[in-house]
Amino acid sequence: NAKQRGKACFVRYADGMKEPVLAHMQLGGELRRALENDEFRVVYQPIMRLDGTRMIGVEALIRWHHPARGEVGPAEFIPAAESTGLIVPLGRFVLRETCRQAAAWLAEFGPDALEEAGLNVSARQLHDPDFVADVAGALADSGLPCERLVLEVTESAVLRGQQVSRALFELDRMGIRLALDDFGTGESSLSLLRAFPAAIIKLDKSFVDGIEIDDGRPADARQAVARAVSQLARALGLDTVAEGVESAEQAAVLRDLGYTVGQGFHLAEPMTADGVSSLLARQRSATPAGSRAPLNRP
Ligand code: C2E
Ligand code: MG
Ligand code: MG
Ligand code: MG
């Protein structure tokens, strides 16, 4: 019965767990039902050149359309999905949906439309022995070229030992690009860059918040960190994305600090797939063939 199952899961996941386990188990039951009822949707946030001239990619973000509560954001259910293991089928849904949608955009708008489609991957998924095969299957079924897929992982997820490390190196060998998400918020960002085959660094929003404020101090810490990260990325041959860009002033400062690409409400908010299609259509008519800006970051 449910109580016994709950206990078994408690034993299995209690190790190192700080969240209220029983609440998670309850929410886990709801999430399982929601998955069966097809209540999850994927929205896409454009990743843009900081000068606003074009979209270079998207990040897929999950939403739960709860029949009574309306739209629920991932912060409210991802932790429970992780601790109950439901993140595995949920993540598989996001993976397959994103690959399918990105391949459809490339088919409709051409190979220059979209350099990359990214999605978030939890540590729990990287631990799943079937994960690499799931990714290969999603790419094969959708026809999305592997180099267009970006898997975003956080530093804490990467620091989870052998199995995770094996999976990441295998994905890298397959030609899939890995992004270090929320970069700078973990405890060993720098040593990770040596040990992990990252292609992209996503500078965390906390370094972008307030970056435009000149408080008269000679070395504002946020600007110093942001500049150091962009220089480090360049030295290592990695691409960068500045996260949480909320104003034109922030975008301008980030460009001065060496960033060319960003993501944030100032550039574009998360939107439905149809919203992205309209953006791609507008972008296509704004840049006649032959006069396109280079797709790759300079
Ligand atoms: P993240 O991967 O760092 O995604 C960026 C989050 O920042 C998104 O929140 C996005 O809506 C928000 N954001 C973007 N630009 C701005 C801005 O200018 N200002 C502010 N204040 N926020 C901005 P969201 O969609 O609520 O997702 C939150 C987190 O949930 C994500 O952070 C990611 O860690 C996780 N997540 C989302 N979808 C998935 C998923 O499919 N699987 C997994 N495992 N985690 C997911
Ligand atoms: Mg992310
Ligand atoms: Mg992020
Ligand atoms: Mg973040």
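The values are calculated or read from the model by the stated rules, or taken from the named source; none is laboratory data. All values reported here derive from a predicted model rather than from experimental measurement. All Cβ positions, glycine included, derive from the backbone under ideal geometry; neighbour counts span all protein chains shown.
Quick one: in region 186-198, of everything that is in a loop (DSSP other than H, G, I, E, B) and touching a strand residue (DSSP E or B) at 6+ places or on another chain (Cβ under 8 Å), which residue is surrounded by the fewest Cβ atoms within 10 Å (Cβ to Cβ)?
Among residues in region 186-198 that are in a loop (DSSP other than H, G, I, E, B) and touching a strand residue (DSSP E or B) at 6+ places or on another chain (Cβ under 8 Å), the one surrounded by the fewest Cβ atoms within 10 Å (Cβ to Cβ) is P197.
Among the residues of region 65-84 satisfying the criterion of being crowded, with 17+ Cβ neighbours inside 10 Å and not in a loop (DSSP other than H, G, I, E, B), which is nearest to ligand 3 (Cβ to nearest atom)? Don't jump to the end; show me each part of the working.
Of all residues in region 65-84, those crowded, with 17+ Cβ neighbours inside 10 Å come to 77-84.
Then keep just the ones that are not in a loop (DSSP other than H, G, I, E, B); that gives 78-84.
On the way: I78: 13, P79: 16, A80: 20, A81: 17, E82: 16, S83: 21, T84: 23 Å.
Among residues in region 65-84 that are crowded, with 17+ Cβ neighbours inside 10 Å and not in a loop (DSSP other than H, G, I, E, B), the one nearest to ligand 3 (Cβ to nearest atom) is I78.
Could you list, in sequence order, the residues of region 50-64 that are touching a strand residue (DSSP E or B) at 6+ places or on another chain (Cβ under 6 Å) and more than 19 Å from L151 (Cβ to Cβ)?
L50, M55, R63, W64
Are there any pairs with C-beta distances below 8 angstrom linking a residue in region 148-174 that is in contact (Cβ under 8 Å) with a residue 12 or more places away in the chain to a residue that is assigned to a loop (DSSP other than H, G, I, E, B) and among the basic types (K, R), with the two at least 6 apart or on different chains, and if so which?
Sorted first by the residue in region 148-174, then by its partner, the list stays empty.
Regarding V58, is this residue under 30 Å from G262 (Cβ atoms), in a strand (DSSP E or B) and touching a residue at least 12 places away in the same chain (Cβ under 8 Å)? Step through it out loud before you land on a result.
Working: under 30 Å from G262 (Cβ atoms): yes; in a strand (DSSP E or B): yes; touching a residue at least 12 places away in the same chain (Cβ under 8 Å): yes.
In short, yes.
Filter region 127-145 down to the residues that are within 16 Å of L168 (Cβ to Cβ) and exposed (fewer than 15 other Cβ atoms within 10 Å of the Cβ) and list them by number.
P129, D130, A133 - these are the residues of region 127-145 that are within 16 Å of L168 (Cβ to Cβ) and exposed (fewer than 15 other Cβ atoms within 10 Å of the Cβ).
Just to be sure I understand, how many residues within region 231-254 are away from ligand 1 (no atom under 15 Å from the Cβ) and in contact with a strand residue (DSSP E or B) (Cβ under 9 Å, 6 or more places away or on another chain)?
6
Evaluate the following for V164: is it away from ligand 4 (no atom under 16 Å from the Cβ), surrounded by 22 or more Cβ atoms within 10 Å (Cβ to Cβ) and not in a loop (DSSP other than H, G, I, E, B)? Even if it seems obvious, please write down each step before you answer.
On the way: away from ligand 4 (no atom under 16 Å from the Cβ): yes; surrounded by 22 or more Cβ atoms within 10 Å (Cβ to Cβ): no; not in a loop (DSSP other than H, G, I, E, B): yes.
No.
Checking the condition within 16 Å of ligand 3 (Cβ to nearest atom), in a strand (DSSP E or B) and either of a type in the set (K, R) or on the phi < 0 side of the Ramachandran plot (or both), which residue from V241, V229, V245 passes? Before you say what the answer is, go through the steps one by one.
Numbers: V229 fails: in a strand (DSSP E or B); V245 fails: in a strand (DSSP E or B).
Only one candidate passes the filter, namely V241.
Name the one entry in I87, I62 that is within 16 Å of ligand 4 (Cβ to nearest atom), at negative phi, modelled with pLDDT of 95 or more and crowded, with 18+ Cβ neighbours inside 10 Å. Please lay out each step first, then the result.
Numbers: I87 fails: within 16 Å of ligand 4 (Cβ to nearest atom).
Unique residue meeting the criteria: I62.
Quick check on region 122-133. Is at least one of its residues in contact (Cβ under 8 Å) with a residue 24 or more places away in the chain and within 26 Å of T260 (Cβ to Cβ)?
Scanning region 122-133 turns up no residue that is in contact (Cβ under 8 Å) with a residue 24 or more places away in the chain and within 26 Å of T260 (Cβ to Cβ).
Given the residues P218, P197, which is the only one that is at pLDDT 85 or above and farther than 15 Å from V261 by Cα?
Working: P218 fails: at pLDDT 85 or above.
After applying the criteria, what remains is P197.
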